[in-house]
Protein chains: 2
Amino acid sequence: MASEKRSKAIDLSHHLSDYVNSFSVSPLKGLQKKYGGRKDMVSLGGGLPSPTYFPFDAIYADISDADRFPIDPPPPTASALSWLWRLFGSDKVHSTRVAVPKAPVPGDGGLNLATAMQYGPAMGILKLQKFIRMFSERVYEPAYSDFVTLIHTGSTDGWSRVAKMLCNPGDTIITEKWTYPSAMASAGPIGVRVLPVDMDGEGMRPESLRKLLSEWDPARGKRPHVMYTVPVGQNPSGATTSWARKTAIYEICVEFDVVIAEDDPYYFMQAGQYLPKSARVADGATSSGEDVANWLHSLVPCFLKLDRQGRVIRMDTFSKVMAPGMRLGWFTCNPRFAERLERLGETSTQSPCGFSQTILMKIIDTWSFDGYVRWLRGIATQYRLRRDFFCDLLGDAFDLRVSTPTHGTWAGCLVHTAYAKRPSSARPRFSEKSADMRKPLLSFVPPSSGMFLWVRLHFAGHPAALQNGGDEPVESLEERFWTLLADSGVLTSPGWFFAADDSEPTPADEDEDEGDGHLRLSFSFANEDEQKRAVKIMAAKLQEFFLET
Amino acid sequence: MASEKRSKAIDLSHHLSDYVNSFSVSPLKGLQKKYGGRKDMVSLGGGLPSPTYFPFDAIYADISDADRFPIDPPPPTASALSWLWRLFGSDKVHSTRVAVPKAPVPGDGGLNLATAMQYGPAMGILKLQKFIRMFSERVYEPAYSDFVTLIHTGSTDGWSRVAKMLCNPGDTIITEKWTYPSAMASAGPIGVRVLPVDMDGEGMRPESLRKLLSEWDPARGKRPHVMYTVPVGQNPSGATTSWARKTAIYEICVEFDVVIAEDDPYYFMQAGQYLPKSARVADGATSSGEDVANWLHSLVPCFLKLDRQGRVIRMDTFSKVMAPGMRLGWFTCNPRFAERLERLGETSTQSPCGFSQTILMKIIDTWSFDGYVRWLRGIATQYRLRRDFFCDLLGDAFDLRVSTPTHGTWAGCLVHTAYAKRPSSARPRFSEKSADMRKPLLSFVPPSSGMFLWVRLHFAGHPAALQNGGDEPVESLEERFWTLLADSGVLTSPGWFFAADDSEPTPADEDEDEGDGHLRLSFSFANEDEQKRAVKIMAAKLQEFFLET
């Protein structure tokens, strides 16, 4: 989309909170800007220490090649995975040493320690500012022209600032029914209520969203004007919102004047549909080749591409594609919001760490834009391999039946339902109990993106649930099973932890039995041996749990 | 002070704000803690990326020797200073390359990239936690036993969290009459009013503080229960609070139940009294020798050493003694406050940058505790040389007269009053004007600590002030002079910028003429040639300004 054809952002400043409106711009800012450009100025004004006294003269990093991880790997075998997952500590891999000197060089864009390790603008070093602006423009193609990119110290900081910028006490924000708990932890203390919207396999349901907004009872307070959403590889459900779905949601937000906070850490982990092992052998067709633009266009576009009005605040982070400890990410949003977000940053985090900014920028300089996209594809492939490996393990541990429901939460999705594995060698000794065991134990939809598998636990078939007519609350069964797993050596995340509104009982999905529970399983961290052990324990304990009285 | 003799902190939880009380501890925290120690656990619970995918295999830093800067230098000469101030970029200095590997090693305390660059606790890596705890214990000697140290991302983040933790909207906090503007910028938006307390050459005046608290009119709202203070090398006044003064202030805070937020970035820049060039030649006696404990004991103790109740929240930062871009510092405070401050960090900054934490820890490991203290002394000496050089320049540019007032703001201080320099060679041509020019132009007390010189501008002698009976407000003359300086190539900070309460006119010091103004001059950043140029311009422009109509 040619820049000159795009319109500018509309005025959305009526959404700003009283809090953020009370931040003023330091009058010194304008003055210092006026004089800052002059080369012959002597500054006795700031409180800057001399870089002479920084106790380091240079830093270096051994950085990975951009193509360290394959993008069109052979069908995974245990040994291939072992190699891939254990690079860490290996001396077989190639790296390049990059250096960040202390002294500035004209034209280096701040990529030196004297500048980057000094007090700096909350916007970060110049060269990184330029890169993220170019990246957002080129990869996300915002539908309006005057968008601004602004660095932050990770999306937790990002969302925390957005919530403070847009919400007054008593306001309500909209989220997916299951959502990222830490995001909600920022909302509660500023007096903001979180209102869940029903989800399906593609995330938030437009018809539920429209109903909530159009039938809003003013007695409940101001109609929600902020949406928090994780549209790709959603945490915890793993759901990814399609382009058509994003369009529907965006138009509703235009109609009801809702600002969209798009928290998208898993955007580049779009892995495609899970295919069982047998179907994956001839999988070469899914590759989009080495062409960078082809791969980028194979990803579901983000909300920004629809955003003709500038009502999307997109939050990117380097945490999942580089390292969380960098504490770096950025906003893409309209200029008015960016200015206020910058003010909020000045009195809290200030600028992100200079080591992070310079090392990150050195990596990107070394790789170039194409190399960075190649790196992202390699990471996406790794998470695809991990997802496939983990789903395969579940296929080995249970009898999996695949179905496509025509309605309900998982309508249209390939739902994998797991039953206790029937020993192939012998007829079970206790036919009564075996019959019970053939009740569904868990079900899931293999995620097309991200790092999470969201598992429904069919507690409705659990003796405790049956015996007391389901009086035992779902949290209790969920917690008991969570504890059983933990006692057996497997840590997972219980479903109740992700309920958007913790002031009310966890809402049941419409097509689920009341007594069912959930677990979020992450396949991003454990290595293959650990995953094997975990799935084995999970399968055994689940059957044990379903048999206990 | 032996640890077992110290009492525990008293309960001060009634000071917590509604906001901070609304943060809950994640129920998963306890569960994960329970199981986290088990070696055989597989975690499918978190959202951690695999460190395999971090795009770096090691980082390195060329670090300074701990004794790079001398502690007992020869009397400063221009050439010695040139060498000291221009190391930056020099290849004459020695450095040591340290490495932070990616792979963890048992017992490394988290000093590896796999751990430090992962999502981590808001408390930082273990080894750094232990160091700062030991440092606070050994250097500050808190007077109570159960103090806690907690890392933050610099004292702007630190104070921002403290203000949110302790203040409800409508509350009032106490500060020095002139104070750090950025600290106030965090208070305003949360609805907190800042109330200035009179200062003198030692900072806040106890009698003014007592008066303010004891005569508090409840109609003004809740009596202030939080004090923000910069007790050493205060920003902007340069004042340093003595031990006796700290004792008096602390006891008043005990009596009126006030929590003290001690923001102390310049603590290790205690440089001693300024002596004119001639008196400095035989200055060897000021050195406390190489002994670490001797030097530490030569510093004015901080509020913590008085803090038998745990009502001090001390904020340390590495910004001034290492580099601001590290974005690292820490709180020392009572355990209840520390727990709440940690909760606030979890939903905003999370943990500080892992590169910073590991490089800092490698430096300290390389130097050892004694080496780090040696480094701090070297930095203190550098700022002493800078202060001496800058004050000497003022002595060269003006006729300085030294006096010790017996009352008023600078009672007991060595006040340096500057007059236009009388040409030694010739009798002035215009005796009328020359007589005018012998009115005081500016005055200052050379600071014993920090990086700032606080200058009073004697505008009362200014024709504009005289002609209109002082109707031109001080801000206007100040701003006009500030602009004249800036237009001439010297950036400074105007006094109004530091007035604690910007909703009221800048309060005049009791012994100052109504029309006087202030400038804060920083001698920390500009090199000696720049300082020379700046002082020359300032002297010329000041005389020009005092002569204009």
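The values are calculated or read from the model by the stated rules, or taken from the named source; none is laboratory data. Keep in mind that this is a model prediction, so the values were computed, not measured. FYI the Cβ positions are ideal-geometry reconstructions off the backbone, even for glycines, and counts take in every protein chain you see. Accessible surface is based on the protein model in full, side chains and every heavy atom, while ligands, DNA and RNA are left aside. Shrake-Rupley method; radii C 1.70, N 1.55, O 1.52, S 1.80 Å.
If the requirement is being modelled with pLDDT under 90 and more than 21 Å from B:S356 (Cβ to Cβ), which of these qualifies: B:T52, B:T77?
Going through B:T52, B:T77 in turn, just one is modelled with pLDDT under 90 and more than 21 Å from B:S356 (Cβ to Cβ): B:T77.
Residue check: is B:R387 outside the structural domain of B:G233 (by TED's automatic domain parsing) and crowded, with 24+ Cβ neighbours inside 10 Å? Yes; evaluated as a whole, the condition is true for this residue.
Close contacts from segment B:238-260, counting a first residue that is closer than 16 Å to B:P224 by Cβ and a second that is of a type in the set (F, W, Y), with Cβ to Cβ under 6 Å and a gap of 6+ residues or different chains, come to B:I260/B:F303.
Scanning segment B:11-24 for residues that are open to solvent by less than 20 Å² (accessible area, probe 1.4 Å), within 8 Å of B:M165 (Cα to Cα) and not in a loop (DSSP other than H, G, I, E, B) yields a single hit, B:V20. Of all residues in segment A:204-213, none are within 10 Å of another protein chain (Cβ to nearest Cβ) and either among the polar types (S, T, N, Q) or surrounded by fewer than 24 Cβ atoms within 10 Å (Cβ to Cβ) (or both).
Within segment A:105-116, does at least one residue satisfy the condition of being modelled with pLDDT of 95 or more, within 8 Å of chain B (Cβ to nearest Cβ) and either touching an Asp or Glu at 6+ places or on another chain (Cβ under 6 Å) or within 30 Å of A:R308 (Cβ to Cβ) (or both)? Within segment A:105-116, none of the residues are modelled with pLDDT of 95 or more, within 8 Å of chain B (Cβ to nearest Cβ) and either touching an Asp or Glu at 6+ places or on another chain (Cβ under 6 Å) or within 30 Å of A:R308 (Cβ to Cβ) (or both). The single residue among A:L400, A:L453, A:L393 that is within 16 Å of A:L275 (Cα to Cα), at pLDDT 95 or above and either aromatic (F, W, Y) or surrounded by fewer than 22 Cβ atoms within 10 Å (Cβ to Cβ) (or both) turns out to be A:L393. Filtering segment A:163-178 to residues that are facing chain B (nearest Cβ under 10 Å), within 19 Å of the chain's Cα centre (by Cα) and surrounded by fewer than 24 Cβ atoms within 10 Å (Cβ to Cβ) leaves nothing. Screening B:I59 on (1) under 30 Å from A:M538 (Cα atoms); (2) of a type in the set (V, I, T); (3) facing chain A (nearest Cβ under 7 Å) shows it passes everything except condition (1).
Summed over segment A:326-366, residues that are open to solvent by 20 Å² or more (accessible area, probe 1.4 Å) and more than 9 Å from chain B (Cβ to nearest Cβ) total 7. Among the candidates A:S160, A:S182, A:S237, which residue alone is assigned by TED's automatic domain parsing to the domain that holds A:Q350, in contact with a helix residue (DSSP H, G or I) (Cβ under 9 Å, 6 or more places away or on another chain), within 29 Å of B:H152 (Cα to Cα) and open to solvent by 10 Å² or more (accessible area, probe 1.4 Å)? Checking each option against the conditions leaves just A:S182. Residues in segment A:214-234 that are open to solvent by less than 40 Å² (accessible area, probe 1.4 Å) and of a type in the set (S, T, N, Q) were compared, and the one that is nearest to B:M165 (Cα to Cα) is A:T229. Total residues in segment A:367-382 satisfying the condition of being surrounded by 22 or more Cβ atoms within 10 Å (Cβ to Cβ) and of a type in the set (D, E): the figure is 0. For A:E262, only one of the following conditions fails: (1) open to solvent by less than 10 Å² (accessible area, probe 1.4 Å); (2) under 23 Å from A:I379 (Cα atoms); (3) part of a loop (DSSP other than H, G, I, E, B). What is its number? A:E262 satisfies all of (1) open to solvent by less than 10 Å² (accessible area, probe 1.4 Å); (2) under 23 Å from A:I379 (Cα atoms); (3) part of a loop (DSSP other than H, G, I, E, B) except (3). Of the residues making up segment B:25-48, those that are touching a residue at least 60 places away in the same chain (Cβ under 8 Å) and either farther than 22 Å from B:D146 by Cα or open to solvent by less than 40 Å² (accessible area, probe 1.4 Å) (or both) are B:G46, B:G47, B:L48.
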